[in-house]
Amino acid sequence: GADDELYDSSVLSSFASVFSAKGSNLWWVCGLTSMITPDMKSYVKSYPENMDIPILKRRNAKELFSLWSRKSIVATPAMCFRKGIAELVGGYSDNYTYIEDWPLFLKLLRKGITPYYIHKYTVKHSMGGISNYNSANGSLVRKKFLEEKYHMFKTEVEPYFDCLSPYDQRQYRIYMDRWMDRIYTMEYIYGPSTYKQKLSMLLTDFRVFKW
């Protein structure tokens, strides 16, 4: 994105060194992301989370696919790819406008192509994008993003649900029921209602028990 920044002047050489050392079979390198407020002044959090770093380091495609199917664990700006990586899985899908990267990663992992993780901050990533709940570009853009996310789960995760570990299957269901469905309902099905109106609708909506 136009509001992201490389973390420091050594990032590109760090990526290049890994590709050079590992050879042509390595397609994908990733590092740490420093998530920054939209004004790019204050640190918020880091990706990947500490609990996910050991899984990245193991580079087990099945384990990574299971985890990545229910949550995005590395911010795309913190990655570097060898040219032509998308063609390994048929290119980017034209079914997506805003979330084209996540389905690509899942396809790569199913093919056994895993990222190599370097424990180094590689990018300052603004929290101002639509994937971080920003609606500055209009509610319809945000709505389209969520609908694409639903589509990705239905086409790139659920047909391969048996490949997920029992734990990740449970977490996936919780995420879809208590998070994705709730956000979409509150933001778009209930529409521009006031907080009091939304609360009143919630009291008569069967989905509140699921959430």
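General remarks:
- Alpha-carbon spread of segment 53-119, three principal axes, descending order, Å: 33, 25, 22
- Axis of helix 166-175 versus longest Cα principal axis of the chain: the two differ by about 50°, to the nearest ten degrees.
- Fraction of the pair-distance distribution of the chain above 24 Å, Cα-Cα pairs, percent: 49 percent
- 0 to 90° range, to nearest 10: angle between helix 101-110 axis and the chain longest Cα axis: 60 degrees
- Length gained when the stretch residue 39-residue 120 is fully extended (0.36 nm per residue, less Cα-Cα span): 26.9 nm
- Kirkwood-based shape ratio for segment 1-64, expressed as Rg/Rh from alpha carbons: 1.02
- If both residues of a DSSP beta bridge must be in the chain, then about 55% of such bridges are antiparallel.
- Probe 1.4 Å, all protein chains present, accessible-area order of 89, 11, largest first: 89, 11
- In the chain, the DSSP-assigned H stretches of four residues or longer account for a calculated mean residue ellipticity at 222 nm of -10000 deg cm²/dmol, using -39500 (n - 2.57) per stretch and the full residue count as denominator.
- Here the relative contact order of segment 1-152, from alpha carbon pairs under 8 Å that lie six or more residues apart, stands at 37 percent.
- Amide H partners (placed H, <5 Å) of residue 120, local residues excluded: 32
- Within the accessible area of segment 1-125 (1.4 Å probe), percent carbon and sulfur: 50 percent
- Using alpha-carbon coordinates, inclination of helix 11-22 to the longest axis of the chain, degrees: 60 degrees
The values are calculated or read from the model by the stated rules, or taken from the named source; none is laboratory data. Here the structure is a predicted model, which means the values were calculated and not measured. All accessible areas refer to the heavy atoms of the entire protein, side chains included, with ligands and DNA or RNA removed. Shrake-Rupley method; radii C 1.70, N 1.55, O 1.52, S 1.80 Å.
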